[in-house]
Amino acid sequence: MLLVLLVAAGVWAHLHFDLGSSLTFEGMRALVEAHAPYSPLVFIGLSIAGFFLRVPSIMLVALGGLLFNRTHAFAYSLIAAVVGTTSTFLLMRYFARE
């Protein structure tokens, strides 16, 4: 039942927010430029979430390299890696101790 609800929510979000246009490189670049002051924070947040969802980090670093210039992408990825790894470690240390 949960899987059906997740699929239905994904279809609704795709239709309601027109996510198909954002999945191309030009669409992603347009989103970054449209939300320029906050786009680094969104990228860092998504990269941190990737640590918890077990997304290969090299994919997120490569995406950052495509969306931002190399220096900024490196800095954002480094920040996300440190915060994501630390938060994962602390979560396991204090809440999954046994």
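Is there any pair linking a residue in the range 1-19 that is within 27 Å of ALA30 (Cβ to Cβ) to one that is modelled with pLDDT of 80 or more and in a helix (DSSP H, G or I), with Cβ under 8 Å and at least six apart or on different chains, and which?
Taking only residues 6 or more apart or on different chains, not a single pair turns up.
Could you list, in sequence order, all residues of the range 57-71 that are surrounded by 13 or more Cβ atoms within 10 Å (Cβ to Cβ) and over 13 Å from the mean Cα position of the chain (by Cα)? First the steps, then the outcome.
First, pick out the residues of the range 57-71 that are surrounded by 13 or more Cβ atoms within 10 Å (Cβ to Cβ): 57, 60-65, 67-68.
The answer is GLY65, PHE68.
Is there any pair with a first residue in the range 41-57 that is within 18 Å of HIS72 (Cβ to Cβ) and a second that is open to solvent by 60 Å² or more (accessible area, probe 1.4 Å) and in a helix (DSSP H, G or I) whose Cβ atoms are under 6 Å apart and which are 6 or more apart or on different chains, and what are they?
That search, which allows pairs on different chains as well, returns ILE44/ILE79; ILE48/VAL83.
Hey, any hits in the range 62-73 for a residue that's in contact (Cβ under 8 Å) with a residue 40 or more places away in the chain and of a type in the set (A, V, I, L, M, F, W, C)? Quick ask: steps written out before the conclusion?
Residues of the range 62-73 that are in contact (Cβ under 8 Å) with a residue 40 or more places away in the chain, as a first pass: 66.
After this cut, where a residue has to be of a type in the set (A, V, I, L, M, F, W, C) as well, the list is 66.
Yes: one or more hits.
Give the residues of the range 31-56 that are β-branched (Val, Ile, Thr) and open to solvent by 70 Å² or more (accessible area, probe 1.4 Å), sorted by residue number. Lay out the reasoning, then the answer.
The initial filter retains those residues of the range 31-56 that are β-branched (Val, Ile, Thr), namely 32, 42, 44, 48, 55.
VAL42 - this is the single residue of the range 31-56 that is β-branched (Val, Ile, Thr) and open to solvent by 70 Å² or more (accessible area, probe 1.4 Å).
Give TYR76, TYR94 a once-over and let me know the one that is among the aromatic types (Phe, Trp, Tyr) and open to solvent by less than 70 Å² (accessible area, probe 1.4 Å).
After applying the criteria, what remains is TYR76.
The values are calculated or read from the model by the stated rules, or taken from the named source; none is laboratory data. In this text, all values refer to a predicted model and were calculated from it rather than measured experimentally. Positions of Cβ are backbone-derived with ideal geometry, glycine not excepted, and every protein chain shown enters the neighbour counts. These accessible areas exclude ligands, DNA and RNA; they are computed on the full protein's heavy atoms, side chains included. Shrake-Rupley method; radii C 1.70, N 1.55, O 1.52, S 1.80 Å.
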